[in-house]
Structure formats: structure tokens, C-alpha cells
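What follows is a single structure, written as C-alpha cells, with notes after it.
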Amino acid sequence: MSKPKVVVTRKWPVEVEARLKELYDVTLNESDVPMTADELKRALQTADALLPTVTDPITADVLRVENKRAGIIGNFGVGYNNIDIAAAREQGLTVTNTPDVLTDCTADIAMLLLLMSARRASQGERLVRSRRWTGWCPTQMLGQKVTGKTLGLIGLGRIAQAMAKKAHHGFGMNILFYTPRNPPPRQVVDDLGAVRCETIEDLLAQADFVSLHCPGSPENHHLINEQRLKRMRPSTHLINTARGDVVDNIALCKALKEGWIAGAGLDVFEGEPNVYPGLLELDNIALLPHLGSATEETRIAMGNRVIENISAFFAGREPGDKVV
Ligand code: 8YV
């Protein structure tokens, strides 16, 4: 029997690409240049599986291309807001993602941004690199203490729970959370010493650090807006490792400039890789280029997870990480 045809839209870790080559008739993207909409359509017409990333908009237009051969889209990433899920369902396509394997590394980046923002690490590094640092002084670059403070999590899924664990057990932080869904089991919540807030506003008013862990979706578009930023305190920091469009950048810029909040740490941006220019001019913000899952171990595990999903699909079984 001939091997299934698979198209990978971006360059993946070499180990995983080697495994893909063994298992499938695979087309890799050696140049790593994102594919155009026409190329994505062509891939759906010529391959059995398309393996995209967050940088590939798999729109309704792409998904509705005629004469499709593909039956599965194996997304390399836990977030799948790059894919029009309703259109995929309508077209009878299976979509999978890669949960679990990136939980800890993404939570680490959220914690890193929290610490960077609280302790003004980006600003400090710029000072040293610019050779303008004139030496230690008792009042220079004072930030906020992290240990013992209150962390408010919007969303309490896998990554938020992992961050809460590090923050509570490692930094003695008190944990608040807001979720519109059913919370995790009682024992999980109790182990984190976590307290549920009835509204986002309640959480914002009490937290010293607010970290976003909700999916990128039309409902969560600009969830953190001017009104909500004003609910936060002047000593509070906002951390975003979820999706850029969960935060209204214009409002965030104003909040940071006018001191409604103390700082922010962002790993994701609306319209990335473009970054709202106002944010680049601010000192009280830490910016990372979407590094959440960017460790060797995790990216290999993500690739292997995609392989498990498509292998199950081709074997006629339900993939473990089926989204639709
Ligand atoms: C991925 C992410 O690197 O998994 C996610 O949802 O945001 C990142 O960790 C990216 O999505 C790759 O597709």
C-alpha cells in the first residue's frame, strides 16, 4: 500500500522530519517561508493530511477549495484559532491539536514574563547593554516583590494550572481564577490553594499579577479592554501567553503610559509578527517573540504528537487530540 501524502507547512525539528519521512510520502518546507492561501489550497487538494502551525491562516476560503484529497488537519500547536473550525466541520475534515506536551514550557514563559515585568528585567538589560549604567544605587529601578503576592488567572486550563503550581508552591503566591467553564476537580483547585472569582472584574480588582489563559476566539477578542484595565491597580502587571487579540493594544498602551497598571509581559501579539508600535516605545513592558513552546524537547514532542494523531486517523482510529 502506498504511504499517505502529507504536507508540512513550516520547518519542524530534524528528528521529527526524519520520522515523517520514514512514515509518509512527505513534502517538507525546507525554506520555512509560510505558504500562501493558494499553496495551502493546493496542499488540501494533493495531500491526505495538512500539518499547519499558528502562522498559517486556514480560513473558510482555504477549507472550501474544491476536489479536496485531505481528510485531516494536524495542527502543530495547542491553540487552533488559525483554523476556521466551523468551516472544517462543515467540510467534514478532522482537526487535531497538540495539548499537554507544551503545558510546562508555556507556563514557564508566563512565569518568566511575570518575573521580568515585576523586576523590570527588560529595562535593566537595556540599561546595561547601552553602557549607560553608572552603578548600583539604593533607589534604582525598583520593581515589585513577587513572593507572597496574588496571581489572578483568567482561564484555569492546563497551562494556567501549571503556572499556578509554580507560582503557589514555588513563590508562595495566592491564586485567584476566573473561568466561564466548569472548574477543574476540587482536589486540583485545593492543591493550588486557588479561589474562584465570580467575575473578571472581581479578579482584576484583587490581583497583583493577571495572567491570561483563555483561547483566542471571537468571544475573547479584546477581553482585556480599557474598562477592564482601569479595574486593575497601579501596581498590577498583565501577562499574556494566550493569544494577542485577547488584549486591546491601544488600551494597554494607554494603561502603561498613564500608570493605570505597573507593567506587562507579552509573548503573543495581535497581528504578529507585527507589534503595535506604541508598545515598542514603552519601558514598562517585557516582549518575547511567541516563545511559549519554544524548547527543543517540547517542539519535538509537539511534532510527535501530530504524528500520533495522523497515524491514528490513517489507521481508521479516532485521533487522541481530535478537536472536530
Ligand atoms: C506554538 C502556541 O508554538 O501551541 C500553541 O498554541 O501558541 C505555540 O506554543 C504555536 O502555536 C505553533 O503552531
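The values are calculated or read from the model by the stated rules, or taken from the named source; none is laboratory data. All figures in this text were calculated on a predicted structure; none of them were measured in a lab. Heads up, the Cβs are rebuilt from the backbone with ideal geometry, glycines too, and the neighbour counts pull from every protein chain shown.
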For the subset of the range 43-69 comprising residues that are surrounded by 16 or more Cβ atoms within 10 Å (Cβ to Cβ) and of a type in the set (D, E), which member is nearest to L23 (Cα to Cα)? D48
Would you point out which residue out of A87, A121 is within 26 Å of the chain's Cα centre (by Cα), modelled with pLDDT of 95 or more and under 23 Å from C214 (Cα atoms)? A87
Look through A264, A251 and report the one residue that is surrounded by fewer than 21 Cβ atoms within 10 Å (Cβ to Cβ), aliphatic (A, V, I, L, M) and either modelled with pLDDT of 95 or more or outside any helix (DSSP H, G or I) (or both). A251
Give the range 308-317 a look and list any residue that's under 16 Å from E17 (Cα atoms) and either within 15 Å of the ligand (Cβ to nearest atom) or of a type in the set (K, R) (or both), or say none. N309
Where A242 falls short, out of the listed (1) touching a strand residue (DSSP E or B) at 6+ places or on another chain (Cβ under 6 Å); (2) not in a loop (DSSP other than H, G, I, E, B): (2)
Near pairs, Cβ below 8 angstrom, 6+ apart or cross-chain, from the range 283-305 (more than 12 Å from the ligand (Cβ to nearest atom)) to any residue that is in a helix (DSSP H, G or I) and of a type in the set (D, E): I300/E15
Scanning the range 1-19 for residues that are surrounded by 17 or more Cβ atoms within 10 Å (Cβ to Cβ), over 22 Å from the mean Cα position of the chain (by Cα) and assigned to a loop (DSSP other than H, G, I, E, B) gives P4
Does at least one position in the range 314-324 carry a residue that is in contact (Cβ under 8 Å) with a residue 40 or more places away in the chain and among the aromatic types (F, W, Y)? yes
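Condition check ((1) in contact (Cβ under 8 Å) with a residue 40 or more places away in the chain; (2) surrounded by 22 or more Cβ atoms within 10 Å (Cβ to Cβ)) across all residues:
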site	(1), (2)
R132	no, no
G135	no, no
Q144	yes, no
I154	yes, yes
R158	yes, no
A164	no, yes
P180	no, no
Candidate set: the range 267-303, residues that are in a helix (DSSP H, G or I) and small (G, A, S); chosen: the one surrounded by the fewest Cβ atoms within 10 Å (Cβ to Cβ): G278
